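Values quoted throughout were computed directly from the atomic coordinates according to the rules given, and no laboratory measurement underlies them. None of these values were measured; they are calculated from a predicted model. Glycine also receives a Cβ, built like all others from the backbone with ideal geometry; neighbour counts cover every protein chain displayed.
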Amino acid sequence: MPPGGLRQSVPMSEPSSTPQAPVQGASLTEWLSYCERIHPTTIDMGLERVRQVAQRLGLGPRLPCPVVTVAGTNGKGSTCALLESVLTAAGYRTGVYTSPHLVRFEERCRLSGASIESAELIAAFACVESARCQNDVKNQSAVSLTYFEFTTLAIVLALSRADLDVIVLEVGLGGRLDAVNLFDSDCAVITSVDIDHTEYLGPDRESIGREKAGIMRAGCPVVVSDPVPPQSVLDHARELDADVWLLGRDFSFSGDKQQWGWASVPERGGRRYSGLAYPALRGANQLLNASGVLAVLETLRQRLPVTAQAIRTGFSLVDWPGRFQIVPGQPALVLDVAHNPHSVAALALNLDAMGYYPATHAVFGAMADKDLPAMWARIAPLVDHWYFTDLPLSRAASAEDLARQWSGLTGAKGVLAGVFAAPQQALDAAVAAADPADRIVVFGSFHTVGGVLTHGTPRLSAQHLSPSPGSA
């Protein structure tokens with residue numbers, strides 16, 4: 001299966017016959033392939049089908065330990081990783097579900113910081129299939145689940161059986177109708193709200209915010225770490241009488257080049273953390289995520305107390321590949337899953353803050369439904385050479401189409417270095433062309449970044465740095 005999994009938004013063709021469920025002893029790859037083929041579309045918004053199977057499994061809406069649900073356009077995964085790292089440092093048994101993955105499906109489910117074993121997932125998949133086909137020996141009236149719905153149920157089932165102290169669930173698409181929203185949270189988090197997936201969530205921030213606000217629960221805390229949240233988020237919270245923690249009103253952060261601090265207002269306990277080191281996750285936007293995480297920990301303090309030392313340790317040790325990940329080498333390599341205008345703007349800001357490089361080479365592959373001109377406009381002033389790549393999904397734009405669209409933009413900056421069949425081929429070409437002091441940035445999709453991480457994190461060395469033939 002390609003890096004990042006298959007959360008596509010286009011219909012798949014109807015199977016010519018009912019797929020046969022994997023037999024006992026089947027591999028995780030076989031199960032995932034099966035999940036791709038049992039529903040006619042890859043996204044089918046709504047909760048009735050998945051709720052029916054969850055009830056048969058004995059799942060939800062309350063899970064056996066505190067739950068934090070995280071929604072937003074960007075920053076969700078980083079928020080989950082920061083929460084996980086701090087809570088693990090505090091000694092709690094954590095379970096985290098995020099998606100999509102970069103290389104291996106098992107990355108989507110982590111237990112105390114480590115990816116789940118495939119055998120545990122396979123057992124959970126078999127349970128979901130049994131519940132889906134309950135009282136249906138011929139598989140003619142089984143409940144149809146999408147790939148994402150099936151795998152979400154399997155992962156949550158595995159988490160519910162793992163004797164955990166806390167579970168963190170990342171919402172996949174939107175919030176209100178996402179399969180993750182079957183499960184009630186003890187604290188909800190809404191990170192940034194921006195334009196993405198408009199065909200499902202609506203054309204503007206207000207519509208998208210309304211969908212993401214669907215993860216709120218009446219009377220329960222919700223942390224909003226977007227500095228300027230849509231009014232629809234605040235309105236929905238008011239309708240539910242949710243306990244809203246707003247950045248800038250209930251909590252705030254400040255910092256200089258060496259350290260930062262966080263504080264809640266007296267009405268929220270008046271807690272302060274000063275002299276904090278910056279999180280190990282790079283990028284200016286990570287302070288927004290870390291600040292929201294500290295607010296979440298305040299809402300859970302009675303059930304999951306955390307010391308200041310655990311916070312410092314957790315922030316210093318957090319690891320989340322593909323999020324403005326800088327890999328030292330010659331040339332330097334930057335990996336970022338930025339895939340919409342908002343996240344690409346943050347990437348451009350972070351690249352600009354890195355300092356001077358003689359040239360920047362960009363490996364880029366993206367889905368065809370993205371706002372490509374807006375993405376390019378934000379980062380084009382920083383890029384000198386473009387390497388466009390195909391991606392292994394039907395809804396991805398081809399490298400040729402990317403090059404054609406890019407060339408058609410008035411004032412398109414940079415040199416088109418070529419089109420390539422795969423991200424690794426594009427990266428190899430960039431390395432061959434780059435000088436040691438240059439940098440290469442790989443972005444545009446989880447699949448683009450995952451495509452260069454398949455065999456581990458690359459360590460680059462420009463060709464003319466290698467020993468010449470016959471040298472000692």
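A few notes on this one:
- Scanning residues 5 or more positions from ALA368 or on other chains, those with amide H under 5 Å from its amide H are ALA396, ALA397, with H placed 1.01 Å from N in the peptide plane.
- All-pairs alpha carbon distance profile, region 288-375, 5 Å steps from 0, percent: 3, 10, 17, 18, 15, 13, 11, 8, 5, 1, 0
- Calculated FRET efficiency, SER461 to ASP44, Cβ-Cβ distance, R0 = 51 Å: about 0.65 to the nearest 0.05.
- Kirkwood-type radius of region 325-464, with distances r between different C-alpha atoms, in Å: 14.6 Å
- Taken about its Cα centre, the chain carries a charge dipole of about 740 debye when Lys and Arg each add +1 at the Cβ and Asp and Glu each add -1 at the Cβ.
- In plain terms, the residue of LEU82, LEU460 with the fewest other Cβ atoms within 10 Å comes first and the most crowded comes last, giving LEU460, LEU82.
- Dipole in debye (nearest 20) - region 325-464, about Cα centre, beta carbon charges: Lys, Arg +1; Asp, Glu -1: 120 debye
- Label of the coordinate-derived value, percent of Cα pairs over 39 Å apart, listed as (i) 29; (ii) 18; (iii) 22: (iii)
- Which of ALA290, LEU32, ALA124, positive extreme of dipole for the chain (C-beta unit charges): ALA290
- Calculated [θ] (222 nm, deg cm²/dmol) that DSSP helices of n ≥ 4 give over the chain, each run adding -39,500 (n - 2.57): -10000 deg cm²/dmol
- Here's how it looks for ILE440: its modeled amide H is under 5 Å from those of ALA332, LEU333, VAL334, HIS361, which are all 5 or more places away or on a different chain.
- Each of ILE167, ILE326 has some number of other Cβ atoms within 10 Å of its Cβ, and from fewest to most they run ILE326, ILE167.
- Region 196-260 versus region 359-375: alpha-carbon centroid distance in Å: 28 Å
- For the chain, the number of Lys pairs separated by eight or more positions or lying on different chains, with C-alpha atoms closer than 23 Å, is 4.
- Mean Kyte hydropathy of 0.0 or more with a Cα span along the axis of at least 18 Å, helices from DSSP in the chain: 76-89, 118-132, 147-160, 286-299
- Proxy reagent accessibility, fewest Cβ within 10 Å first, across MET354, MET375, MET216: MET354, MET375, MET216
- 3J(HN,Hα) couplings calculated from phi for region 59-75 with the Karplus curve 6.51 cos²θ - 1.76 cosθ + 1.60 (θ = phi - 60°) are, in sequence order, 9, x, x, 9, 8, x, 8, x, 10, 10, 10, 10, 10, x, 7, 9, x Hz; Gly and Pro show x.
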